[in-house]
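Report on the following structure.
The values are calculated or read from the model by the stated rules, or taken from the named source; none is laboratory data. Values in this document were obtained by computation on a predicted structure and should not be read as measured data. In this analysis, Cβ positions are derived from the backbone assuming ideal geometry, glycine residues included, and neighbour counts consider all displayed protein chains. With ligands, DNA and RNA removed, areas are computed over all heavy atoms of the protein, side chains included. Shrake-Rupley method; radii C 1.70, N 1.55, O 1.52, S 1.80 Å.
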Amino acid sequence: MTGPAHHTDVAAYALGVLDEADAARFEEHLADCPECAAGLEDLMGLAPLLADLKEATPDPGMLSVRPGPQVLDRLLGEVTA
């Protein structure tokens, strides 16, 4: 990757999702790029915030509504009418 492409890596780096080689290249870029350094500073609190949100969010399986068989019958009746 070269110059401008690194600017898109700020969030990925902050979240720790870059592979080792891309992280090393980004760190080299970061040393000379005040724009990315400022962006990274803004995003460094994002990973812990997302972890807290994940912990506080119920399992999606617990939130889903499971309609009974009569719902399908009623919908098919309405569609055919």
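How much mean residue ellipticity at 222 nm does the chain get from its helices, if each DSSP H run of length 4 or more adds -39500 (n - 2.57) and you divide by all residues, to the nearest 500 deg cm²/dmol? List each step's numbers first, then the result.
On the way: 7 runs with 59 residues, N = 81.
Value at 222 nm, helices only, nearest 500: -20000 deg cm²/dmol.
How large, in percent, is the carbon and sulfur part of the accessible surface of the range 18-64 at a probe radius of 1.4 Å? Display every interim value, and only then the final one.
Details: 2130 of 3580 Å².
Answer for the range 18-64: carbon and sulfur cover 59 percent of the accessible area.
Towards the positive end of the charge dipole of the chain, with charges on Cβ (+1 Lys, Arg; -1 Asp, Glu), say which of His7, Thr80, Leu30 has the farthest Cα.
Checked the options; the winner is Thr80.
Over the chain, with the other protein chains present, what is the accessible area per residue in square angstrom, probe 1.4 angstrom? Write down the numbers at each step before the final one.
Numbers: 6290 Å² over 81 residues.
Heavy-atom SASA per residue in the chain reads 78 Å².
So for the chain, what percent of the C-alpha to C-alpha distances run longer than 22 Å?
Values: 1681 of 3240 pairs.
Across the chain, Cα pairs with separations above 22 Å total 52 percent.
According to a simple spin-label model (label point 7 Å from Cα along Cα-to-Cβ), what is the distance in nm between Ala11 and Leu49?
1.2
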